[in-house]
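> Please see the structure below; I have some questions.
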Amino acid sequence: MQGASATEPLLLENNGANVRVFVVWEPVLATDFAAPSTAALARIPDVRASQYWDRKRVLSHLLGERNRSTVVWDSIAVYAPGTLWQDTPPKPVYSNGPVRDVINGAKDAVQRLLKNGTNPAGGEQ
């Protein structure tokens, strides 16, 4: 939950910017037996954030989970505008975790993308 709380300042610092956040909740800890509560979802109240419950950890598997020790969670990835997910996840411009420890790197990546106004191919937005 600390990762969710750490994400809100990224949105606040880019208020009005064309930034979208996709939060994927998944069962990892013993207490994660159900979808996130309303209180958990409220940690990111910004309308630019969409939140999902991934009960089977499909995203974690796409990102490399092979067993319990390789579960991908508490991680953040920044993608350039216009990046499309197809058969495999695209390469992010920034990714790291745990979120609360690396949020400044994500903020810097978002700022660079907003400043440069580039799409994944390097063209202008």
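> What's the carbon and sulfur percent of the chain's accessible surface, probe 1.4 angstrom, rounded to a whole number? Walk me through the numbers on the way to the answer.
Working: 4330 of 8150 Å².
Its accessible area is 53 percent carbon and sulfur atoms.
> Report D for the range 1-43 in µm² per second (integer): Stokes-Einstein, Kirkwood Rh on Cα pairs, 10 °C, 1.306 mPa s.
Translational diffusion coefficient: 134 µm²/s.
> Treating the angle as unsigned and between 0 and 90°, give the value, to the nearest 10°, between the Cα long axis of helix 2-13 and the longest Cα principal axis of the chain.
Tilt relative to the chain: about 20 degrees.
> What would the Debye equation give as log₁₀ I(q)/I(0) for the range 39-100 at q = 0.12, 0.13, 0.15 Å⁻¹, counting only Cα atoms as equal point scatterers?
-0.37, -0.43, -0.58
> Another one. Give me the orientation-averaged projected area of the Cα convex hull of the range 1-106, in nm², one decimal. Numbers along the way, then the final one.
On the way: hull surface 27.8 nm².
Mean projected area for the range 1-106: 7.0 nm², to one decimal.
> Separate question: If I build a Gaussian network model for the chain, linking alpha-carbon pairs within less than 10 angstrom, which residue out of Leu59, Leu29, Leu113 has the largest mean-square fluctuation?
Looking only at Leu59, Leu29, Leu113, the largest GNM fluctuation is found for Leu29.
> What is the antiparallel percent of DSSP beta bridges lying wholly in the range 7-125, to the nearest 5? Working shown, then result.
Details: 4 of 9 bridges.
Percentage antiparallel, nearest 5: 45.
> Take peptides 97-104, 85-92, 38-45 and line them up by average Cβ neighbours within 10 Å, highest first, as a rough protection proxy. Numbers along the way, then the final one.
Numbers: 97-104: 16.0, 85-92: 10.5, 38-45: 12.8.
So the order, starting with the most tightly packed, is 97-104, 38-45, 85-92.
> How big is the charge dipole of the chain about its Cα centre, in debye rounded to the nearest 20, if each Lys and Arg gets +1 on its Cβ and each Asp and Glu gets -1 on its Cβ? Before the final figure, lay out each step's value.
Values: 13 positive and 12 negative charges, 25 e Å.
Using only the charged Cβ atoms, the result is roughly 120 debye.
> For Cα pairs less than 8 Å apart in space and 6+ apart in sequence, what is the mean separation divided by the residue count of the chain, i.e. the relative contact order in percent? Working shown, then result.
Working: 149 pairs, mean separation 31.0, N = 125.
Value for the chain: 25 percent.
The values are calculated or read from the model by the stated rules, or taken from the named source; none is laboratory data. Everything numeric here is computed off the predicted structure, so don't read it as measured data. Here the Cβ is made from the backbone with ideal geometry for all residues, glycine too, and neighbour counts use every protein chain on show. Ligands, DNA and RNA are stripped out before the accessible areas are found, and what is left, the full protein with its side chains, is counted by its heavy atoms. Shrake-Rupley method; radii C 1.70, N 1.55, O 1.52, S 1.80 Å.
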